[in-house]
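Everything below concerns the one structure shown next.
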Amino acid sequence: MVIKPRSESKELKLYRMLNMRMDLSVEEVQYYGSLEKGFEGEIQFDAWLESLPESENRLILNDLLLECNHTTFQIDSLLLVDETLYVFEVKNYEGDFYIDENGRWLTLSKKEIKNPLLQLERSESLLRQLLQNHGIKTHIEPYVIFINPNFQLYQAPLGQPIIFPTQLKRFSKKLPVKPANRKGIQIAEKLLSIHLKESPFKRLPKYTYEQLKKGIICQSCYSCELQFQDQILVCTKCSCKEDVRSSIIRSVEEFILLFPDRKVTTNAIFDWCKGIKSKKVIRKILSENFTCIGYGKSSYYVD
Ligand SMILES: [Zn+2]
């Protein structure tokens, strides 16, 4: 049973919008690509975990952001079976990698990547301390999961907590069949209650309102090439359809995410949703879906 579902991070959402609305640098595009790829891998792992026959009796918490001793750390996926906490660090790496004599992880073209085992060790240690601080003692089993079938690691050390794509099935057979017990449920509730909502962004590109391309973007492929067909917006790239009303609401939410300090007014949204011809339509949608603060010309809306 998934008690904390996964959703895109705010950082990934912002990158998606910015990527369509401005020119990102080569490094930013690469970083954005890694966020998309990582998220895609996590979704694949979720689907696999939830497809296991006993998953209804297990507790699954995705994407936990926790803090211990002023250090924040993230757990991609956490599974509670009986009283054991399985901690998964999910990697969607693709291609050939190897570990050199100094234990560094490298691509075949000798580009060093972060050692996922160290990341896992760090999360495990912080989680253990955090639980201890809350008076909880439990057994933790950490694993790095490589989800991509096109991943190959040469000179992989034996006896490490690594699960390769071809080992997933065998690994699932090793998981206990017992459902989460009372203590397990208490641990899950505790973790949910201390989960942090906001992750500090370290690498967001700099942008201004003026600089960004205006208009509604496609909810599915994030392209700006949409055409009106009566009350429906049709994406000319992916053929996705959405009614104008919900696309405006989505764009307002996007505006709020990108510009938390700018006021949501009819004029501001009219400018932001370039292409919508009627201010009246925008005013109506705003007043029906957001809370209006103030009166007349100085009024604005909040979520
Ligand atoms: Zn599209």
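The values are calculated or read from the model by the stated rules, or taken from the named source; none is laboratory data. All of these numbers come straight from a predicted model, not from anything done at the bench. Reconstructed Cβ throughout: ideal geometry from the backbone, glycine too, with neighbour counts over all protein chains shown.
For the range 154-182, how many residues are of a type in the set (A, V, I, L, M, F, W, C) and not in a loop (DSSP other than H, G, I, E, B)? Matching residues across the range 154-182 total 4. For Y143, indicate whether it is assigned by TED's automatic domain parsing to the domain that holds C68, of a type in the set (S, T, Y) and out of contact with any helix residue (DSSP H, G or I) (no Cβ under 9 Å at 6 or more places or on another chain). Spelling it out, it is not the case that Y143 is assigned by TED's automatic domain parsing to the domain that holds C68, of a type in the set (S, T, Y) and out of contact with any helix residue (DSSP H, G or I) (no Cβ under 9 Å at 6 or more places or on another chain). The strands (runs of 3 or more DSSP E) falling completely within the range 66-153 that include 3 or more residues that are more than 30 Å from E56 (Cβ to Cβ) and more than 24 Å from the chain's Cα centre (by Cα) map to 95-99, 105-107. Within the range 149-171, not a single residue is surrounded by 14 or more Cβ atoms within 10 Å (Cβ to Cβ), out of contact with any strand residue (DSSP E or B) (no Cβ under 6 Å at 6 or more places or on another chain) and closer than 15 Å to L78 by Cα. So if I check each of S125, S77, which one is among the hydroxyl-bearing types (S, T, Y) and surrounded by fewer than 18 Cβ atoms within 10 Å (Cβ to Cβ)? Result: S125 is the single residue among S125, S77 that is among the hydroxyl-bearing types (S, T, Y) and surrounded by fewer than 18 Cβ atoms within 10 Å (Cβ to Cβ). When Y93, Y15 are checked against the criterion of being under 22 Å from I217 (Cβ atoms) and in contact with a Pro (Cβ under 9 Å, 6 or more places away or on another chain), a single residue qualifies: Y15.
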